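We did not get these values from a lab; they are worked out from the coordinates using the rules stated. Keep in mind that this is a model prediction, so the values were computed, not measured. No Cβ is skipped: glycine too gets one built from the backbone with ideal geometry, and neighbour counts run over all protein chains shown.
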Amino acid sequence: MKVQENISLRPYNTFGIDAKARYFAKFKDIDELEELTTHGSRLTTLILGGGSNILFTKDYDGFVLKNDITGIEELHEDSEYVYVKAGAGENWHHFVLYCIERNWGGLENLSLIPGNVGASPMQNIGAYGVELDDVFNSLEAYHFHDKKLITFTKADCEFGYRDSVFKKKFRDQFVILTVTFQLRKKPIFHTSYGAIEPELERMGVKELSIKAISNAVINIRTSKLPDPKLIGNAGSFFKNPVVEIDKCQSLQSKFPGIIAYPVAGNRMKLAAGWLIDQCGPDKTGTSWRGFRKGDAGCYEKQALVLINYGNATGKEIYSLSEEILLSVKEKFGVILEREVNIF
Ligand code: FAD
Ligand code: NAP
């Protein structure tokens, strides 16, 4: 276990931001974590997974601890589910593929999401109509100050739309060490969402399987989203805003093309990408989509994704997000919330 000082975090965040960490170390089990947190007990601490949902706007004047706890274990099974525990440091997509190979169903729609298993409960990751909540069983987390290991059930996590207790009242208090999933022995297929069915058809799939769905999702994502290895980004920068039905109806009458879906509580979810697409940096009608200022920009295929063309600073990306936020507020009266964690 090596503690490094003043190192660049560039290799550790998919935005490719060159911020420095005052101290940095990796841990691969709870003993190493305990030792490190004792060593740095007076420092503010940031737990890092794959760095794919983070924007560093300045150097981190504290201790960055990279969670490298690995391991996948089949715990037990019942008539419906197999219960599988994975270390927080396991790469998410590798874990998804591991389960698909064994025909354990539930994760296929969540294929190719960057990052690690440990961060998946943080924002209740979701894509193509499935959320972590649908496959989650429990997790083990270590409390920084009490130095206790606590098990969280699904109810304890208070999952919401890209949200959990770890983003709110327990923010920065726990380190997630392992996550246990309950996966279906007889998979249920979710293909009704957006582009999945057309892609399955294009692929010529005759017999549906979780592998085929995973491949379809991989194809769609590869064609639409920027690969962080090639261009810096953290996926969707903002959440899709959820508004009251009245507000949605009034927007629909003014902007008939607006994209909206019903969600729980008789409310409507608006597609943030569409809202951003209708706004721009000036009054000339130019859209944010494809916009570039220095090395900070808005991805040409999806306005919801902010990108770093190479040497943008976190402050530049953040200030672009601020301009976008204000333009959407001015045009639609809707306030976007950032999904990416800002440090
Ligand atoms: P990090 O960025 O390292 O951390 C994110 C937050 O979680 C930080 O606040 C960090 O402190 C905290 N954290 C991380 N690990 C732990 C831990 N073990 N214990 C406690 N706190 C921890 N997200 C989706 O929901 N759906 C998508 O479809 C999706 N697509 C994406 C596509 C692209 C191209 C990219 C770049 C990102 C996408 N994301 C998506 C966002 C991101 O991949 C996920 O949120 C992912 O779960 C983040 O994992 P990570 O390990 O990189 O987390
Ligand atoms: P898309 O399919 O173009 O759809 C645009 C938006 O409309 C999405 O945000 C989605 O909401 C919503 N939507 C589409 N069909 C829906 C349906 N049948 N029911 C309810 N909502 C629907 O979106 P995309 O940008 O290509 O992304 C595809 C999927 O990957 C989405 O689920 C998206 O969340 C996920 N993704 C997430 C990130 C991230 O960083 N969080 C990055 C890339 C992709 P939802 O977002 O609620 O699904």
Å³ per residue enclosed by the Cα convex hull of the range 232-342 | 98
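I'd like the per residue volume of the convex hull spanned by the Cα atoms of the range 1-122, given in cubic angstrom.
116
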So the compactness index of the range 4-67, its C-alpha Rg divided by 2.2 N^0.38 Å, takes the value 1.05
Going residue by residue through the range 174-188, the Karplus relation 6.51 cos²θ - 1.76 cosθ + 1.60 with θ = phi - 60° gives ³J(HN,Hα) values, rounded to whole Hz and with x marking Gly or Pro, of 10, 10, 7, 9, 9, 10, 10, 10, 10, 10, 6, 6, 10, x, 9
Using only C-alpha positions, report the orientation-averaged shadow area of the convex hull of the chain, nm², one decimal.
-> 18.3
Expressed as a whole number of Å, what is the distance separating the alpha-carbon centroids of the range 264-343 and the range 212-227?
-> 23
Remind me, relative contact order of the chain in percent, using alpha carbon pairs under 8 angstrom and six or more residues apart?
-> 16
Roughly what would the spin-label model give for HIS39 and ARG292, points 7 Å off Cα along C-beta, in nm?
-> 4.2
The range 61-161, convex hull of Cα, quarter of hull surface, nm² -> 7.8
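Arranged from highest to lowest average of other beta-carbon atoms within 10 Å per residue, in what order do the peptides 4-11, 159-166 appear? Mind showing how you got there, number by number?
Working: 4-11: 13.5, 159-166: 18.9.
Highest mean packing first, the order is 159-166, 4-11.
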Order of 325-334, 43-52, 280-289 by packing, highest average Cβ count within 10 Å first?
-> 43-52, 325-334, 280-289
Which residue, chosen from GLY160, CYS279, ILE218, occupies the Cα position most advanced towards the positive end of the dipole of the chain, where the dipole is computed from +1 (Lys, Arg) and -1 (Asp, Glu) charges on Cβ about the Cα centre?
-> CYS279
Once you charge only the Cβ atoms, +1 for Lys and Arg and -1 for Asp and Glu, what is the size of the charge dipole of the range 4-67 about its Cα centre, to the nearest 20 debye?
-> 280
How long, wide and thick is the range 35-100, going by the Cα atoms along their three principal axes, in whole angstroms, largest first?
-> 49, 26, 15
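What's the magnitude of the charge dipole for the range 150-298 around its Cα centre, counting Lys and Arg as +1 and Asp and Glu as -1 at the beta-carbon? Answer in Debye, nearest 20. Please report the intermediate quantities before stating the final value.
Working: 24 positive and 14 negative charges, 39 e Å.
Charge dipole, the range 150-298, about its Cα centre: 180 debye, nearest 20.
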How big is the gap, in Å, between the Cα center of the range 25-41 and the Cα center of the range 54-120?
-> 21
Charged-residue dipole, Cβ positions (Lys, Arg, Asp, Glu), the chain about Cα centre, Debye nearest 20 = 840
Vicinal HN-Hα couplings computed from phi for the range 65-71 (Karplus, 6.51 cos²θ - 1.76 cosθ + 1.60; Hz; Gly/Pro x) = 10, 8, 7, 10, 6, 10, x
Pulled fully out, how much extra length does the chain show between LYS301 and ASP31, if you take 0.36 nm times their separation in residues and subtract their Cα-Cα distance?
-> 92.7 nm
